[in-house]
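The values are calculated or read from the model by the stated rules, or taken from the named source; none is laboratory data. Bear in mind the structure is a predicted one, so any value in this text is a computation, not a measurement. For neighbour counting, all protein chains shown are included, and Cβ atoms are generated from backbone atoms with ideal geometry for every residue, glycine included. Heavy atoms of the whole protein, side chains included, go into the accessibility calculation; ligands, DNA and RNA do not. Shrake-Rupley method; radii C 1.70, N 1.55, O 1.52, S 1.80 Å.
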Amino acid sequence: SMLGKEEYDVIVIEFFATAFQGLMELVQRLRQRFPLAIIIIARFWDPTFLVNKDGTDLRSWGRQHALGNEFIHKPEFREMFKETYEESEWKWSFLTTHKWFVDVQEAAAKELGAYILPMAWNQEAFGEDGFISLGEKHLGPDSYHLSKYGHADLARRVKALVDRVGVLKDESTMGYFSSADYCLNWFQTGIIGDGLAYSDNAVVEKMPNTEKYAMSFEGEGESYIEMTNPSEHIMTFFIAFMTTGPAPCKYPKTEATREDGTKFFLDPLATPWGANPEQKVHVSRLLKVGEVQPHKTARVTFESLEEEETERLFRLVQVVLTERAEFGKQFGAMPDSGRIMGITDV
């Protein structure tokens, strides 16, 4: 529903560590809408994916050694890492404990005619093409997000893939969604759009030190949202809220209550990453909050379960009404899109 009437020949999706939260459904919907489009699933890596025998990821290891966020660009990091490399037994989590990151991407690519486009990577650590040198070039000052060079290299890889595959054109390349959904996401823009009502104490503002937006509820009074199902079908209601890890969480434990009194617990601990005391994460979580009958209005009220104030207020970033009750957990296939299916490592 967020795509409107725009038409796209090439679509790039960044969906890896959270691919289990809706990648298959997203690619299914995009393929239904754009049957001839080139759909590219980007696979980025960063130091948090590299974990040693003690369960410490490389980003946390850099912090433990007082190297700062920019550690991967420092010569002393290279020296310290090389000295302890063999005994530390570093392994890539997406090849071992979290191989399902890769499995979900590959399932979507194979079943729906999409292409996986990995960031430059090497399993070997050292040398001109080792992952340490690649990280220094492709990662920015925070040793996490892409650098200007990293973005440029991704653009080059996308262009190379598109040139090789070729854009397929027809008089009509727009398809139809097989089912209706209604999605409102203000995380990127701060604009909620039509279809969601909320209490007077709701505020949408940019989260500090980011370019992302969230809805919080400030001050006294009831804190709620309302959304009407405009369709003739029973729809499932989902909300997405922010979480952090490791414990203690920066957000409050929160209770969400539907208009019929049904209650849902909103856990602010980011999982599965929150279990690692060395890995600091700040991500959203999708939660089902019941069904909405045709032409009826769902009301969700939020209440903190904390006796004392937490560092941050509860933050809401998205609401979804969909016919698919297992939205975010489906890994099944859809009919052949007609495009040659494949995985590429251009």
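For the chain, what does the relative contact order come out to in percent, with C-alpha contacts under 8 Å and a separation of six or more?
So the answer I get is 22 percent.
What size of dipole, in debye to the nearest 20, comes out for the chain about its Cα centre when the only charges are +1 on Lys and Arg C-beta atoms and -1 on Asp and Glu C-beta atoms?
That gives a dipole near 780 debye.
Would you compute the Debye intensity of segment 197-261 from its alpha-carbon atoms alone, equal scatterers and no solvent, and pass along log10 I(q)/I(0) at q = 0.17, 0.18, 0.21 Å⁻¹ to two decimals?
Taking Cα atoms of segment 197-261 as identical point scatterers yields -0.84, -0.93, -1.15.
Using amide H atoms built in the peptide plane, which far-off residues or other-chain residues are under 5 Å from VAL289 H to H?
Hits under the 5 Å cutoff: PHE237, PHE238, ILE239.
In sequence order, what are the phi-derived ³J(HN,Hα) couplings for segment 190-206 according to the Karplus relation 6.51 cos²θ - 1.76 cosθ + 1.60 with θ = phi - 60°, rounded to whole Hz, with x for glycine and proline?
Each residue's phi maps through the Karplus curve to give x, 9, 7, x, 7, x, 10, 9, 7, 5, 5, 8, 7, 10, 9, 8, 5 Hz.
Suppose accessible area is computed on protein heavy atoms with a 1.4 Å probe; arrange LYS280, LYS250 from highest to lowest.
On the way: LYS280 140, LYS250 75 Å².
Putting LYS280, LYS250 in descending order of accessible area: LYS280, LYS250.
Top mean-square fluctuation among THR271, THR48, THR262, Gaussian network model of the chain, C-alpha springs under 10 Å?
Checking each option, the largest mean-square fluctuation is seen for THR262.
Keeping all protein chains in place, calculate the accessible area per residue for segment 207-255 (probe 1.4 angstrom), answer in Å².
Details: 2200 Å² over 49 residues.
Value returned for segment 207-255: 45 Å² of accessible area per residue.
Quick one: accessible area per residue over segment 27-158, 1.4 Å probe, rounded to a whole number of Å²?
Counting only protein heavy atoms, the per-residue value for segment 27-158 is 44 Å².
Mind ranking PHE302, PHE187 by accessible surface for me, highest first, 1.4 Å probe? Don't jump to the answer; show the numbers that get you there.
Values: PHE302 15, PHE187 50 Å².
Highest to lowest solvent-accessible surface, that is PHE187, PHE302.
Can you list the residues, at least 5 places off or on another chain, whose amide H is less than 5 Å from the amide H of TYR198, using H built in the peptide plane?
Answer set, sorted by chain and number: GLU226.
Could you tell me whether segment 116-247 comes out rounded, prolate or oblate from its Cα gyration tensor? Rule is a ≥ b ≥ c as square roots of the eigenvalues, rounded for a/c under 1.5, then prolate if a/b exceeds b/c, otherwise oblate.
It comes out oblate by the Cα gyration axes.
Taking one equal scatterer on every alpha-carbon of segment 75-150, how large is log10 of I(q)/I(0) by Debye at q = 0.22, 0.27 1/Å?
Rounded to two decimals, the profile gives -1.15, -1.27.
On the accessible surface of segment 43-116, probed at 1.4 Å, how many percent belong to carbon and sulfur atoms? Kindly include the intermediate steps, with their values, before the conclusion.
Values: 1670 of 3450 Å².
After summing per-atom areas, the C and S share lands at 48 percent.
Over the chain, with a Gaussian network built from C-alpha contacts below 10 Å, which listed residue (GLN32, GLN64, GLN105) shows the highest mean-square fluctuation?
Comparing GLN32, GLN64, GLN105 in the GNM, the peak value goes to GLN64.
With θ set to phi - 60° and the Karplus curve 6.51 cos²θ - 1.76 cosθ + 1.60, what are the ³J(HN,Hα) couplings of segment 43-51 in order, to the nearest whole Hz, using x for Gly and Pro?
Going residue by residue, I get 10, 9, 10, 8, x, 6, 7, 9, 10 Hz, with x marking Gly and Pro.
Can you pull the percent of Cα pairs in the chain with separation above 36 Å?
Value for the chain: 28 percent of Cα pairs lie more than 36 Å apart.
Between LEU146 and residues 5 or more places away or on another chain, which pairs have amide H atoms under 5 Å apart, with H built 1.01 Å from N, and which residues are they?
HN-HN under 5 Å from LEU146: GLY140.
In a GNM of the chain with a 10 Å cut-off on Cα contacts, which of GLN318, GLN188, GLN293 has the highest mean-square fluctuation?
Comparing GLN318, GLN188, GLN293 in a Gaussian network model of the chain, the most mobile one is GLN188.
Where the eigenvalues come from the Cα gyration tensor of segment 2-115, what are the semi-axes √(5λ) of the equivalent ellipsoid, largest first, in whole Å?
On the way: eigenvalues 274, 47, 21 Å².
Value: 37, 15, 10 Å, ordered largest first.
Along the charge dipole of the chain, which of PRO248, GLY261, HIS282 sits closest to the positive end, that is, farthest toward it, with unit charges on the beta carbon of Lys, Arg, Asp and Glu (+1, +1, -1, -1)?
It is HIS282.
Work from the charge dipole of the chain (Cβ charges, +1 for Lys and Arg, -1 for Asp and Glu, about the Cα centre) and give the residue of PHE94, LEU313, PHE237 farthest towards its positive end.
PHE94
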